[in-house]
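Only one structure is covered here, and it is reproduced in the block below.
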Amino acid sequence: MSKKSTTAAAKALGAKPSGLFGDEPRLFYRTENGAMYLGDSLRVLTTEVPSASVDLIVTSPPFGLVRKKDYGNVDAQDYTAWFKPFGHVFKRALKPNGSLVIDIGGAWVPGQPTRSLYHFELLIMLCRDLGFHLAQEFFWWNPAKLPTPAEWVTVRRIRVKDAVNYIWWLSPTAWPRASNRRVQSPYSDSMRDLLKKGYRPKLRPSGHDISEKFSSDNGAAIPPNLIAVANTESNSYYLRYCSQNGLAPHPARFPAEIPEYFIRMLSDPGDLILDPFAGSCVTGEVAERLGRKWICVDIVEEYLKGAIARFSEGPALTQLELFESGPKEPSNTTSYKILHPANLWNCGTQERLPEDGGRRRSLVREGAGVKRHRSRASPRK
């Protein structure tokens, strides 16, 4: 990278907010710790971000969906080819022990109840072609996710609700900087009871040898790779700011807890965090609050105009209320209940499975009535 480009990156956090820009990426807004760029993230990362300067890239890129969205998603079948140039610049920008975290949702094959493999193909491309290591896969369960696609889930009832996003945690090395102590969970009631009563070390039937250390009270539990966070934002300062200023809010925002989880686990205060598909700059907001430096990039000016709300006086006060420092008792934290799948297995009668796998719509009984779901191709009975 040229000295000019390095100087530009070094001065980015000290530049003044800018207004409207053309095709050339320009600084849009700055804070004490970070900066928003308006423009193509490929160009920003190539010209404004020095090699091996970023500690963590955490982002939720446009998903490879069948149905087009306002924020400009890419067709699932073309996704890997579209993403590959970004993978190259991500690896160049990351420090050797840095991390790349990608939140990505699944997609359905058009016209049939089967899943696209595009997000798995993306993972394989990043690892096999570009040399990334898969440190671990995470699963974001959104309890508030709607039962979609309706045709397969609520009409024909042949698939279940798709409520999980994949999160790929990758790194240029097999040994990225990380600490799970940053994201520990409160002990469950059963674990607290076990710690109170004590545990006798023994060999389990599974072959696991449970030692005396298992009964040590470490203050909190190591979390699983399932992250349960409902995406239910409906009256935040950000949304009110957009409404008051006639701005369209970004339609695919992830909750702040998702980037915060990985920023806490994979970076230290003062580290540089990058979100190349920033949208409304949720990542930047979290990084600012946690004392990290940050760069957010997006190509839609209206989304960045709305993102400014995240760094004004209002959301700062809201964040202090939502994220108080220090440990919390389990009763004061938000939690989500997952019922055992066998809860309703023996309740009521079971209809016979459709011989055609649900290819044709059929009569669906609901309570005492009958709700008709019939396509033109469906035979009348």
Exercise. Residue by residue through segment 56-87, note down the ones that are modelled with pLDDT of 70 or more, among the small types (Gly, Ala, Ser) and crowded, with 20+ Cβ neighbours inside 10 Å.
Key: SER60, GLY64, GLY87
Quiz item: Taking LEU38, is it modelled with pLDDT of 95 or more, surrounded by 15 or more Cβ atoms within 10 Å (Cβ to Cβ) and out of contact with any Ser or Thr (no Cβ under 9 Å at 6 or more places or on another chain)?
Solution: no
Quiz item: So which residues in segment 110-130 are part of a loop (DSSP other than H, G, I, E, B) and out of contact with any Lys or Arg (no Cβ under 7 Å at 6 or more places or on another chain), if there are any at all?
Solution: PRO110, GLY111, GLN112, THR114, SER116, LEU117
Quiz item: If the Cβ limit is 8 Å and pairs must be 6+ apart or interchain, which residue in segment 103-130 that is without any contact (Cβ under 8 Å) to a residue 60 or more places away in the chain and within 24 Å of ILE263 (Cα to Cα) pairs with which residue that is crowded, with 16+ Cβ neighbours inside 10 Å and basic (Lys, Arg)?
Solution: LEU130/LYS91
Quiz item: Within segment 128-171, restricting attention to residues that are of a type in the set (Asp, Glu) and under 19 Å from the mean Cα position of the chain (by Cα), which residue is modelled with the lowest pLDDT?
Solution: ASP162
Quiz item: What number of residues within segment 156-179 are touching a Lys or Arg at 6+ places or on another chain (Cβ under 7 Å) and either among the small types (Gly, Ala, Ser) or over 21 Å from ILE102 (Cβ atoms) (or both)?
Solution: 3
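Results for (1) of a type in the set (Ser, Thr, Tyr); (2) closer than 28 Å to TYR336 by Cα, shown as yes or no for each residue.
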| position | (1), (2) |
| --- | --- |
| GLN112 | no, no |
| ALA135 | no, yes |
| PHE138 | no, yes |
| THR154 | yes, yes |
| ILE167 | no, yes |
Exercise. Take segment 107-155 and flag every residue that is within 22 Å of ALA174 (Cβ to Cβ) and among the small types (Gly, Ala, Ser).
Key: GLY131, ALA135
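Among what's in segment 230-267 and is of a type in the set (Gly, Ala, Ser) and farther than 16 Å from TRP141 by Cα, pick the residue that is surrounded by the most Cβ atoms within 10 Å (Cβ to Cβ).
Only one residue fits best here, namely SER267.
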Quiz item: How about segment 241-255: which of its residues are on the phi < 0 side of the Ramachandran plot and free of Cβ contacts under 8 Å to residues at least 40 places away in the same chain?
Solution: SER243, GLN244, ARG253, PRO255
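Could you say whether any residue in segment 283-297 is buried (at least 18 other Cβ atoms within 10 Å of the Cβ), part of a loop (DSSP other than H, G, I, E, B), within 14 Å of the chain's Cα centre (by Cα) and touching a residue at least 40 places away in the same chain (Cβ under 8 Å)?
Checking segment 283-297: not a single residue is buried (at least 18 other Cβ atoms within 10 Å of the Cβ), part of a loop (DSSP other than H, G, I, E, B), within 14 Å of the chain's Cα centre (by Cα) and touching a residue at least 40 places away in the same chain (Cβ under 8 Å).
Condition first: in a helix (DSSP H, G or I), of a type in the set (Ser, Thr, Tyr) and at pLDDT 95 or above. Now tell me which residues in segment 241-274 satisfy that.
TYR261
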Quiz prompt | Conditions (1) modelled with pLDDT of 95 or more; (2) in contact with a strand residue (DSSP E or B) (Cβ under 6 Å, 6 or more places away or on another chain); (3) buried (at least 20 other Cβ atoms within 10 Å of the Cβ): number failed by LEU45 | solution = (2)
Quiz item: Within segment 132-154, how many residues turn out to be buried (at least 16 other Cβ atoms within 10 Å of the Cβ), assigned to a loop (DSSP other than H, G, I, E, B) and of a type in the set (Val, Ile, Thr)?
Solution: 0
Self-check item: TRP175 vs. criteria over 30 Å from ALA307 (Cα atoms), modelled with pLDDT of 95 or more and part of a helix (DSSP H, G or I)
Solution: no
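The values are calculated or read from the model by the stated rules, or taken from the named source; none is laboratory data. Quick caveat: nothing in here was measured; it's all calculated off a predicted structure. Here Cβ is always computed from backbone atoms with ideal geometry, including for glycine, and neighbour counts include all displayed protein chains.
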